[in-house]
Amino acid sequence: MLSLIYLIGSVTFIIGLKMLSNPATARRGNAIAAGGMTLAILGTIFLYRHHGQGLHNYGWIMAGLLIGGVVGLVSAKRVKMTAMPEMVSLFNGMGGACAALISVVEFEYMTAVIFTGAPVRMQLVIILAGMVIGAVSFAGSVIAWGKLNGSIKDISFKGQHIFNLVILAVILLLAIVVTVALPAATVILFVVILLLSLLYGVCFVLPIGGADMPVVISLLNSFTGVAAACGGFLYNNPVMLTGGILVGSAGTILTILMCKAMNRSLKNVLIGSFGGPKAAGASREQGAYKEITLSDTAVIMAYAQKVMIVPGYGLAVAQAQHACHELETLLEARGVEVKYAIHPVAGRMPGHMNVLLAEADVPYDKLLEMEQANGQFNTTDVVLVLGANDVVNPAAKTDPASPIYGMPILDVENARSVIVNKRSMKPGYAGIENDLFFQPKTSMLFGDAKQVLQQLVAEIVNSL
């Protein structure tokens, strides 16, 4: 019976993951996968047998489930959309911590067996792998959470990358010693490996700039999946194994896609400091920019035939997604075609803009991926850029000295006119000036995105 439950749970994970690939079915896919997980958990609690005996510590199990469920539910309900990347990082870190703790518990259970000379090396390899990867994921996710909410700054020092490589090499060396030699100091070495893994997780995320956070989150997510799969091997649990493999492989694929979207190798993300102080030096003197008034913006957009909206992190910060949808609805009522151009790394996590706009009930068919949008800019009358910066910077195509050179961008400069809404002329996370802001067809509309959009709606309704 338990095997059947595990099979059903594994199938629901696969179906749910497939449905998550489409915004129209993502919510249903998430519910299906969650249902499968719930079924697998309940089956394990009440049907699992070891040497003919079931579990006895139901009080502790139920208390843990209750506390975790309440904390997770309340956190998810209360989180603001601007803080969604931080929550994803933190929850992912909890998954890594759980996987590492599983390895710690299993190592303690196996300690007595190790010194009898029993053939436990394969299990020990899996335990060490799960512990190292889980600890790195936990520590790295906590640092990513701190960097996303602004409490931790980019920290780098001379020789940091060599220092990180030395830590990793020591971890691998100690793991080999523990596995092959099985020394009397195995327990001490295990603790040292755990501490070094936590240190490595901190050190490898610290120098990574905010612009690379979508890649980091995807990578850490894949780490957690692999660590969970190690737990599945240890317990011979098909659901843990399937779920871990799916999360690990999906996270790895997403990481590769994010790197491709930023024209960066994974190696550069892990050992570089993109978006840090080095990039800031790439800024150079620009010409004058042109401002536009709110009333002129309202007229231009109201009488356009086609408008493309480019959302960015500024939209999330201002919580302006609902006001944006209101403007879209108003323009369409006047016969204006409105679409959204979504860059894959806009925001602070993969799919950040899709989540924001979905919350505001923006129809999925209005969201254009980068390739689709770039094919339509030359027939677009007005592009409204809302809080996006680096993802629309033409320097990525024209300036070989730019730190973002080669990164695929949204070609908004091909539209007939471009209106950029920003709070100020401060550069984006890459720390460089945006050439787009100084082009003749570009106009700057300064202010909080939500307030500007609400004023635009009022201007169109009352004056046009």
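Comparison of ASP381, ASP361, ASP399 shows that the only residue that is among the charged types (D, E, K, R), closer than 25 Å to GLU86 by Cβ and more than 20 Å from the chain's Cα centre (by Cα) is ASP361. Restricting to the range 317-354, what's the tally of residues that are under 25 Å from ARG28 (Cα atoms) and in contact with a Pro (Cβ under 9 Å, 6 or more places away or on another chain)? So the answer is 16. Elements of the type helices (runs of 4 or more DSSP H) sitting completely within the range 347-422 and holding at least 3 residues that are closer than 15 Å to TYR313 by Cα: these cover 352-359. Might you check whether a residue that is among the hydrophobic types (A, V, I, L, M, F, W, C) and in contact with a Gly (Cβ under 7 Å, 6 or more places away or on another chain) occurs anywhere in the range 205-215? Yes: one or more hits. Checking the stated criteria, ILE162 turns out to be modelled with pLDDT of 85 or more and either in a helix (DSSP H, G or I) or among the hydrophobic types (A, V, I, L, M, F, W, C) (or both). For the range 447-464, what are the residues that are exposed (fewer than 15 other Cβ atoms within 10 Å of the Cβ) and either in contact with a helix residue (DSSP H, G or I) (Cβ under 8 Å, 6 or more places away or on another chain) or on the phi > 0 side of the Ramachandran plot (or both)? Passing the criteria: GLN451, VAL461, SER463, LEU464. For the structure I just gave you, tell me whether ILE176 is closer than 23 Å to ALA227 by Cα and surrounded by 13 or more Cβ atoms within 10 Å (Cβ to Cβ). When the stated conditions are applied, ILE176 does not pass them. For the range 85-104, what are the residues that are under 11 Å from the mean Cα position of the chain (by Cα) and among the small types (Gly, Ala, Ser)? Passing the criteria: only SER89. One residue stands out among those in the range 24-55 that are touching a Phe, Trp or Tyr at 6+ places or on another chain (Cβ under 8 Å) and surrounded by 13 or more Cβ atoms within 10 Å (Cβ to Cβ): the one that is farthest from VAL239 (Cα to Cα), which is LEU55. Taken over the range 415-464, the criterion of being without any contact (Cβ under 8 Å) to a residue 12 or more places away in the chain and farther than 30 Å from ALA401 by Cβ is satisfied by ALA458, ASN462.
Can you go through TYR405, TYR364 and tell me which one is more than 24 Å from LEU330 (Cα to Cα) and aromatic (Phe, Trp, Tyr)? Step through it out loud before you land on a result.
Numbers: TYR364 fails: more than 24 Å from LEU330 (Cα to Cα).
Within the list TYR405, TYR364, the selection yields TYR405.
When we screen ILE208, ILE167, ILE171, ILE143 for residues that are under 18 Å from the mean Cα position of the chain (by Cα), under 29 Å from LEU257 (Cβ atoms) and in a helix (DSSP H, G or I), the only hit is ILE143.
Just wondering, is there one or more residues in the range 2-23 that are part of a helix (DSSP H, G or I) and touching a Phe, Trp or Tyr at 6+ places or on another chain (Cβ under 9 Å)? Before the answer, list the steps.
Just the residues of the range 2-23 that are part of a helix (DSSP H, G or I), to begin with: 2-20.
Within this subset, residues satisfying the condition of being touching a Phe, Trp or Tyr at 6+ places or on another chain (Cβ under 9 Å) are 2.
Yes, the range 2-23 has at least one match.
Scanning the range 397-414 for residues that are surrounded by 22 or more Cβ atoms within 10 Å (Cβ to Cβ) and not β-branched (Val, Ile, Thr) yields a count of 4. When TYR58, TYR48 are screened for being among the aromatic types (Phe, Trp, Tyr) and touching a Gly at 6+ places or on another chain (Cβ under 8 Å), only TYR48 passes.
Would you mind stating whether PHE13 is touching a residue at least 60 places away in the same chain (Cβ under 8 Å) and among the aromatic types (Phe, Trp, Tyr)? In short, yes.
Looking only at the range 410-433, which residues are modelled with pLDDT of 90 or more and touching a Pro at 6+ places or on another chain (Cβ under 7 Å)? Listed by number, the list holds a single entry, GLU413.
Table: residues versus (1) at pLDDT below 80; (2) among the aromatic types (Phe, Trp, Tyr); (3) farther than 24 Å from VAL170 by Cα; (4) in contact with a strand residue (DSSP E or B) (Cβ under 6 Å, 6 or more places away or on another chain).
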{"residue": "LEU199", "(1), (2), (3), (4)": "no, no, no, no"}
{"residue": "THR224", "(1), (2), (3), (4)": "no, no, no, no"}
{"residue": "LEU234", "(1), (2), (3), (4)": "no, no, yes, no"}
{"residue": "THR242", "(1), (2), (3), (4)": "no, no, yes, no"}
{"residue": "GLY251", "(1), (2), (3), (4)": "no, no, yes, no"}
{"residue": "THR255", "(1), (2), (3), (4)": "no, no, yes, no"}
{"residue": "LEU266", "(1), (2), (3), (4)": "yes, no, no, no"}
{"residue": "PHE274", "(1), (2), (3), (4)": "yes, yes, yes, no"}
{"residue": "ALA279", "(1), (2), (3), (4)": "yes, no, yes, no"}
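The values are calculated or read from the model by the stated rules, or taken from the named source; none is laboratory data. Just so it is clear, the structure is predicted and the values come from calculations on it, not from any experiment. All Cβ positions, glycine included, derive from the backbone under ideal geometry; neighbour counts span all protein chains shown.
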